[in-house]
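Below is one structure, written out as structure tokens; the observations come after it.
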């Protein structure tokens, strides 16, 4: 939680401070002849900018937060697995080797993340229909990705290939998107996401073992 707070807080403060300075110049509020119109425009920009900051923080927190906290998240997931299957997961790997495997898995997910999201984002250059398609496809993918993200830890411990992981997530059907939807909403909310991310790791690991994801494909 402390690591998550430092990562998210750093990203939020840096992004918001940069936008505040930019908005001040854009609205003319920093000029010597600023008036009510400049102040009104500044307030509108701040409100819109706050939403932009949340979006930027979500994506950056997903990227950097996942990479930096991967070994610690893996440890949480391993404890949950032990509690569910009543057996300590067998692993003869050192902490550094385990950390390397966890970070490698995060990088694989990020490559998958951007491989899909970049083309979806480009749809926004098509007026109206492209914007609608981008929003719908983007949300569906983010729901799917969040489930993959939080189910990934036990799958990585089993040294599954990335293709095997995708098949496992697909096997969940609508449960995959239901869990992913809730996970996305909780991860999007500022401050709350910092404290609930460990809980989502617990939930994702439990979901993997208790709802039929732990199957041979």
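Values quoted throughout were computed directly from the atomic coordinates according to the rules given, and no laboratory measurement underlies them. Values in this document were obtained by computation on a predicted structure and should not be read as measured data. With ideal geometry, Cβ positions are generated from the backbone for all residues, glycine too; neighbour counts draw on all protein chains shown.
Things worth noting here:
- For the chain, relative contact order (Cα pairs under 8 Å, six or more residues apart, normalised by length) works out to 24 percent.
- Footprinting exposure proxy ranking of 147, 156, 15, fewest other C-beta atoms within 10 angstrom first, gives 15, 156, 147.
- Degrees separating the helix 95-122 axis from the principal Cα axis of the chain, which is the longest one: 50
- GNM top mover of 206, 133, 168 - the chain, alpha-carbon springs below 10 Å: 133
- Likely footprinting exposure, 115, 69, fewest C-beta neighbours within 10 Å first: 115, 69
- Order of 174, 160, 48 - criterion: other Cβ atoms within 10 Å of each residue's Cβ, fewest first: 174, 48, 160
- Entry note, the chain: the mean residue ellipticity at 222 nm calculated from DSSP H runs of n ≥ 4, each adding -39500 (n - 2.57), is -27500 deg cm²/dmol after division by the residues and rounding to the nearest 500.
- The C-alpha atoms of the chain define a longest principal axis, and helix 66-85 lies at about 40 degrees to it.
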